[in-house]
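Visitor: Sending over a structure as structure tokens; questions will come in a sec.
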Amino acid sequence: MTTRNNMRAALALCLALLCPAALADTVEYINTHSEVALKTLRQHTEDADAILRDAAGVLVFPDIFKLGFGVGGQYGEGVLLVKGEPVAYYTTAGKDFGLAEGHKFKSEVIVFRTPEALADFQNRRGFKIGQDGQVALGKLASDRSLWFGAQDAARGGQDEVVGFILSDQGLVADLTMDGSRITRMAR
């Protein structure tokens with residue numbers, strides 16, 4: 001990537017972060033669309049229902065969109081649900097949208113499986129995936145069950161934080177959330 005492209009990416013990301021009022025969704029919009037995203041996730045695999053039900057907290061970004069201006073950034077707003085109730089609102093911003101042309105939408109769901117993982121997230125001012133914590137991405141097996149790759153199996157247990165990337169074409173397995181910065185919104 002050239003210096004000029006780096007400057008464009010930095011400018012687009014700064015605009016997204018400095019102008020949240022221009023991009024802001026309403027609380028009602030975020031809550032309603034988050035429920036739709038969770039319903040969509042449940043439709044793709046029966047395992048999702050148990051994972052969501054047993055979670056200490058679920059962070060849902062129902063609409064993540066690609067930033068324009070010729071750069072590959074992304075931005076979205078979401079809600080942290082604890083016991084199914086909204087407790088805080090967050091933004092996510094990153095340098096790579098990742099979806100190929102033809103996808104109509106992108107949503108991300110991050111599940112905190114333990115109270116400790118949820119508390120660690122909530123006690124941070126900002127959270128950069130891959131730096132401040134790992135998110136194991138859920139993938140759909142041929143029998144429609146979920147698996148989280150070698151991380152779960154190698155440790156003989158479960159990852160404390162798991163994530164799902166959804167599009168109108170189902171669960172997306174070939175992307176990553178690494179590098180995305182999550183920041184709490186004042187709402």
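Visitor: Ranked by Cβ crowding within 10 angstrom, fewest neighbours first, how are V82, V60 ordered? Could the numbers behind the result be given before it?
Guide: On the way: V82 16, V60 27.
In order of increasing Cβ crowding within 10 Å: V82, V60.
Visitor: Step through the residues of segment 26-36 one at a time and calculate ³J(HN,Hα) from phi using the Karplus curve (6.51 cos²θ - 1.76 cosθ + 1.60, θ = phi - 60°), rounding each to whole Hz and writing x for Gly and Pro.
Guide: 7, 4, 4, 4, 4, 4, 4, 6, 5, 4, 5
Visitor: Another question about this same structure. Quick query: amide H of A56 versus all other amide H atoms, modeled in the peptide plane; which residues come in under 5 Å with a sequence gap of 5 or more or a different chain?
Guide: Under 5 Å from the amide H of A56: F112, R113, T114.
Coordinate-derived values only; no laboratory data. Fair warning: this is a prediction, and the values are worked out from it, not measured in the lab. Positions of Cβ are generated from backbone atoms using ideal geometry, with glycine treated the same way; all protein chains shown enter the neighbour counts.
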